[in-house]
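K.L.:
The following block contains the structure, expressed as structure tokens.
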Amino acid sequence: MKKTKLNELKDKCLNCCKCELGKTRNNIVFADGNPDTAKAILIGEAPGENEDKTGIPFVGRAGKLLNEFLENAGISRENDLYIINTVKCRPPQNRVPSDKEKELCSEYLLKQIEIVDPKIIIFCGATALKSFYPKKTPISKIRGEVLDLKVGNNTEIRKCIPIFHPSYLLRYHSLEEGSPRDLMLKDLKKIKLLMNN
Ligand code: SF4
């Protein structure tokens, strides 16, 4: 049922040219994961070069690093998550999507949240956080916190957790206590616990 509704939405999205990003994309990057079993939706920023080539989110270097962290935290990318981005088309030169682009594309994202209806939403990186969290708190200050927010077309309050974007972690290799990679693993383990509660 969820898959049927999502496939209908994807069909609509495949022809979308509502914003400028539709002119330069090679592929719509709609989602990855199993909507029937996902306990959380993970929202990233935007497709990059590899995602634009394949039509799958988080498949480049950052995506591979995310996979490693998920595995270490005991989270199954295939079964526990439904992965999307704030926009479905790649911004040229991997720039940050504009507010207007995000707003125009939110029709699809909000519908995806409504259909999948997860108990947890993960804001992966500052762009996803800013799209839904009204305060201008830097991600470094708020990551790992559980925020009770209304996200999506219905009024249900969901547990929303900001985490670092894996592309940020590519710059830091230390696993020392308190390092970005250490904090990322701790945040994902916390999310895993929330998934099981
Ligand atoms: S980014 Fe979203 S709104 Fe813009 S063209 Fe792609 S699907 Fe349409």
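The values are calculated or read from the model by the stated rules, or taken from the named source; none is laboratory data. Here the structure is a predicted model, which is why all the values come from computation and not from measurement. Every residue, glycine as well, gets a Cβ built from its backbone with ideal geometry; the counts of neighbours run over all protein chains shown.
K.L.:
Quick check on Glu145: is it touching a strand residue (DSSP E or B) at 6+ places or on another chain (Cβ under 8 Å) and at pLDDT below 95?
P.N.:
Working: touching a strand residue (DSSP E or B) at 6+ places or on another chain (Cβ under 8 Å): yes; at pLDDT below 95: no.
Judged against the criteria, Glu145 is not a match.
K.L.:
Right, next: Any idea which residue in region 5-28 is surrounded by the fewest Cβ atoms within 10 Å (Cβ to Cβ), counting only those that are closer than 23 Å to Arg158 by Cβ and of a type outside the set (D, E, K, R)?
P.N.:
Taking the candidates together, the pick is Leu9.
K.L.:
Among Lys159, Lys111, Lys189, which is the only one that is in contact (Cβ under 8 Å) with a residue 12 or more places away in the chain, part of a helix (DSSP H, G or I) and within 21 Å of Gly74 (Cα to Cα)?
P.N.:
Working: Lys159 fails: part of a helix (DSSP H, G or I); Lys111 fails: within 21 Å of Gly74 (Cα to Cα).
Answer to the check: Lys189.
K.L.:
For region 58-85, enumerate the residues that are of a type in the set (A, V, I, L, M) and without any contact (Cβ under 8 Å) to a residue 12 or more places away in the chain. Full working, then the answer.
P.N.:
Just the residues of region 58-85 that are of a type in the set (A, V, I, L, M), to begin with: 59, 62, 65-66, 70, 73, 75, 81, 83-84.
Listed by number, the list holds a single entry, Val59.
K.L.:
Hey, another quick one. If you scan region 1-45, which residues turn out to be of a type in the set (A, V, I, L, M), more than 27 Å from Lys189 (Cβ to Cβ) and within 14 Å of the ligand (Cβ to nearest atom)?
P.N.:
Initial filter on region 1-45 (of a type in the set (A, V, I, L, M)): 1, 6, 9, 14, 21, 28-29, 31, 38, 40-43.
When the remaining residues are screened for being more than 27 Å from Lys189 (Cβ to Cβ), the result is 1, 6, 9, 14, 21, 28-29.
Hits for region 1-45 are Leu9, Leu14, Leu21, Ile28, Val29.
K.L.:
Considering only residues of region 74-124 that are of a type in the set (Val, Ile, Thr) and within 13 Å of the chain's Cα centre (by Cα), which is farthest from the ligand (Cβ to nearest atom)?
P.N.:
First, the residues of region 74-124 that are of a type in the set (Val, Ile, Thr): 75, 83-84, 86-87, 96, 113, 115-116, 120-122.
Now narrow it down to the ones that are within 13 Å of the chain's Cα centre (by Cα): 83-84, 86-87, 113, 120-122.
Working: Ile83: 16, Ile84: 11, Thr86: 9, Val87: 4, Ile113: 15, Ile120: 24, Ile121: 19, Ile122: 20 Å.
Residue satisfying both the conditions and the ranking: Ile120.
K.L.:
Restricting the search to region 11-51, which residues are within 20 Å of Arg77 (Cα to Cα) and charged (D, E, K, R)?
P.N.:
Asp32, Asp36, Lys39, Glu45, Glu51
K.L.:
Restricting attention to region 90-107, does a residue exist that is farther than 17 Å from Leu149 by Cα, part of a strand (DSSP E or B) and out of contact with any Leu (no Cβ under 6 Å at 6 or more places or on another chain)? Quick ask: steps written out before the conclusion?
P.N.:
Of the residues in region 90-107, the ones farther than 17 Å from Leu149 by Cα are 90-105, 107.
Imposing the further condition that a residue be part of a strand (DSSP E or B) reduces the set to none.
No, every residue in region 90-107 fails to be farther than 17 Å from Leu149 by Cα, part of a strand (DSSP E or B) and out of contact with any Leu (no Cβ under 6 Å at 6 or more places or on another chain).
K.L.:
Could you tell me which numbered condition Lys136 fails, if it satisfies all but one of (1) more than 16 Å from the ligand (Cβ to nearest atom); (2) outside any loop (DSSP other than H, G, I, E, B)?
P.N.:
(2)
K.L.:
Does Ile191 count as farther than 30 Å from Lys12 by Cβ, at pLDDT 95 or above and touching a Pro at 6+ places or on another chain (Cβ under 7 Å)? First the steps, then the outcome.
P.N.:
Working: farther than 30 Å from Lys12 by Cβ: yes; at pLDDT 95 or above: yes; touching a Pro at 6+ places or on another chain (Cβ under 7 Å): no.
So Ile191 fails the test.
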